[in-house]
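Peer 1: Attaching a single structure in structure tokens format; questions to follow.
Please treat every number below as a calculation from the coordinates, not as lab data. As the structure is a computational prediction, the values presented were derived from the model and not from experiment. So basically every Cβ, Gly included, is an ideal-geometry build from the backbone, and we count neighbours across all protein chains shown.
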Amino acid sequence: MSVRLTQYAHGGGCACKIPPGELEDVVRGLTGTTPAHPAGALLVGLDDGDDAAAVRIDGGVALILTTDFFTPVVDDPYDWGRIAAVNALSDVYAMGGTPVVAVNLLGWPRDVLPFELAAEVLRGGLDVCGKAGCHLAGGHSVDDPEPKYGLAVTGTADPDRLLRNDAGRAGVPLTLTKPLGIGVLNSRHKATGERFEQAIATMTTLNLDASRAALAAGVTCATDVTGFGLLGHLHKLARASGVTARIDPAAVPYLDGAREALRDGYVSGGTRRNLDWVRPHADLSRISEDEALLLADAQTSGGLLVAGELPGHPVIGELVARGEHTIVAG
């Protein structure tokens, strides 16, 4: 029996995230508190919506902790497991860290979908962690009306060489390490069943090499591009760093078929919510609505957005002194 996993979920991948504005409202007020006897110093928390939490512990080590899970973004269970695992590990790489150990997070409609498919999902996650040099040990599962999978990951880093989203400075170029367009292609896949190998290859590529290249280049500011789209994550970075980001839309790379998917209407609700959230803070007057939607496209397991120049990756803009907007496109 052929099962289309994407048909068992209302959304897919990072496009099913809670909208960024609503999420910020939910977590507002949760900052500024500390435990009575902390085991380490909190270096990165909720304040700027960075990619992961970081704590300095004894021995001059920073622990990096993150979790990410989502509904099926593709129909193949093994590919979905790989994509979800790469996406979860990405938050550690985006902070300049090395994943050390992860545990599985699985929600499964046990009376609807066979457990053989769940085993394939878990196998995909295990294979990715193996390639990343990260232990995958245990986890947690629940009976869930919608299938969901991801990882909780712990990594380590040099506390004095973290990549943070609040460390950008004016005069630095912006580099993007993976092409955009994953969201519209995944929306087309969910609607039609068409398989897009270029999207799967991008989503299953670890951000390990990009992270190491950023550290080697002396970069201090980075984030990854996932469910809030390039515009959403760039807005958070520019806001946290007190700068404005200028984007050259012509320099932004896209996957083959992305513009055609947009033309044919395969735009997720998450993408439209991303654009609605960023629009009041951005000057998009020089670009079309279609171009703005592509820049806001909800990515799953996207690349790193780096405040610095990395060999082999396109420079898509620069950071400048803060002006009226956090982003200026065109």
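Peer 1: Can you give the local net charge around HIS325? Use residues other than it whose beta-carbon is closer than 11 angstrom to its beta-carbon, Lys and Arg +1, Asp and Glu -1. Before the final figure, lay out the partial values.
Peer 2: Working: positive: ARG239, ARG246, ARG279, ARG322; negative: ASP283, GLU324.
Around HIS325, the surrounding residues sum to +2.
Peer 1: I need the shape label for region 170-300. Rule: rounded when a/c is under 1.5, else prolate if a/b > b/c, else oblate, with a, b, c from the alpha carbon gyration tensor. Display every interim value, and only then the final one.
Peer 2: Numbers: a/c = 2.11, a/b = 1.25, b/c = 1.68.
Here region 170-300 falls in the oblate category.
Peer 1: So, one more: Summing -39500 (n - 2.57) over the DSSP H runs of n ≥ 4 in the chain and dividing by its residue number, what mean residue ellipticity at 222 nm do you reach, to the nearest 500 deg cm²/dmol? Kindly include the intermediate steps, with their values, before the conclusion.
Peer 2: On the way: 10 runs with 107 residues, N = 330.
Calculated mean residue ellipticity at 222 nm is -9500 deg cm²/dmol.
Peer 1: Which residue fluctuates most in the GNM of the chain (Cα springs below 10 Å): ILE182, ILE57, ILE316?
Peer 2: Comparing ILE182, ILE57, ILE316 in a Gaussian network model of the chain, the most mobile one is ILE57.
Peer 1: Quick one: putting +1 on the C-beta of Lys and Arg, -1 on the C-beta of Asp and Glu, what dipole do you get for region 173-329 around its Cα centre, in Debye to the nearest 20? Mind dumping the intermediate values first?
Peer 2: Details: 15 positive and 17 negative charges, 75 e Å.
About 360 debye.
Peer 1: Here's something else I'd like to know. With springs only between Cα atoms under 10 Å apart, run a GNM on the chain and tell me which of ARG82, ARG286, ARG188 wobbles the most.
Peer 2: Maximum among the listed residues: ARG286.
Peer 1: I've got another one for you. Just to be sure I understand: with springs between alpha-carbon atoms less than 10 Å apart, which residue in PRO99, PRO38, PRO145 has the highest mean-square fluctuation in the Gaussian network model of the chain?
Peer 2: In this elastic network of the chain, the residue with the biggest mean-square fluctuation among PRO99, PRO38, PRO145 is PRO38.
Peer 1: Report for the chain the percent antiparallel among DSSP-assigned beta bridges with both residues inside it, nearest 5. Walk me through the intermediate numbers first.
Peer 2: Details: 40 of 54 bridges.
Beta bridges within the chain, antiparallel portion: roughly 75 percent.
Peer 1: While we're looking at this one, here's another question. Tell me, what is the percent relative contact order of the chain, built from C-alpha pairs under 8 Å that lie six or more residues apart? Could you put the intermediate results ahead of the total?
Peer 2: Working: 791 pairs, mean separation 77.5, N = 330.
Computed value for the chain: 23 percent relative contact order.
Peer 1: Can you give me the C-alpha center-to-center distance between region 282-330 and region 138-156, rounded to a whole angstrom?
Peer 2: After rounding, the separation between the Cα centres reads 31 Å.
Peer 1: What does the C-alpha gyration tensor say about the overall shape of region 25-155? Classify as rounded when a/c is under 1.5, otherwise prolate if a/b is larger than b/c, or oblate. Mind showing how you got there, number by number?
Peer 2: Numbers: a/c = 2.40, a/b = 1.70, b/c = 1.41.
Verdict is prolate for region 25-155.
Peer 1: Can I ask one more? Among 65-76, 165-176, how do they line up from the highest to the lowest mean number of other beta-carbon atoms within 10 Å?
Peer 2: Details: 65-76: 22.7, 165-176: 19.1.
Per-residue Cβ counts within 10 Å, averaged per peptide and sorted highest first, yield 65-76, 165-176.
Peer 1: Hey, another quick one. What does the net charge come to around LEU304 if you take all other residues with beta carbon closer than 12 Å to its beta carbon, with K and R at +1 and D and E at -1? Kindly include the intermediate steps, with their values, before the conclusion.
Peer 2: Values: positive: LYS178, ARG212; negative: ASP51, ASP91, ASP209, ASP224.
Taking every Cβ under 12 Å from that of LEU304, the sum is -2.
Peer 1: Which FRET efficiency value, to the nearest 0.05, do you get for GLU116 and VAL61 by plugging their Cβ-Cβ distance into 1/(1 + (r/R0)^6) with R0 = 25 Å?
Peer 2: Details: r = 40 Å, r/R0 = 1.62.
Efficiency, rounded to the nearest 0.05: 0.05.
Peer 1: Ok, one more. Using modelled amide H (1.01 Å from N, peptide plane; none on Pro or chain starts), what sits under 5 Å from the amide H of TYR254, excluding residues fewer than 5 places away?
Peer 2: LEU180
Peer 1: Could you check the spin-label model distance between ARG279 and ALA170? Points 7 Å from the Cα along Cα→Cβ, value in nm.
Peer 2: 2.9
Peer 1: Let me ask something additional. For HIS37 and GLU194, FRET efficiency with R0 = 56 Å and r from the beta-carbon atoms, rounded to 0.05? It would help to have the intermediate numbers written out before the result.
Peer 2: On the way: r = 55 Å, r/R0 = 0.98.
Step by step, r from the Cβ atoms, then E = 0.55.
Peer 1: Using the alpha carbons of the chain, what is the convex hull volume per residue in cubic angstrom, as a whole number?
Peer 2: Working: hull volume 43.3 nm³, N = 330.
Spelled out: Cα convex hull of the chain, divided by residues, is 131 Å³.
Peer 1: Treat each spin label as a single point 7 Å out from the Cα along the C-beta direction, and report the VAL3 to ALA321 distance in nm.
Peer 2: Result for the modelled spin labels: 5.9 nm.
Peer 1: In the neighborhood of PRO173, defined by Cβ-to-Cβ distances under 13 Å, what is the net charge if each Lys or Arg adds +1 and each Asp or Glu adds -1?
Peer 2: Details: positive: ARG169, ARG246; negative: ASP248, GLU309, GLU318.
It works out to a net charge of -1.
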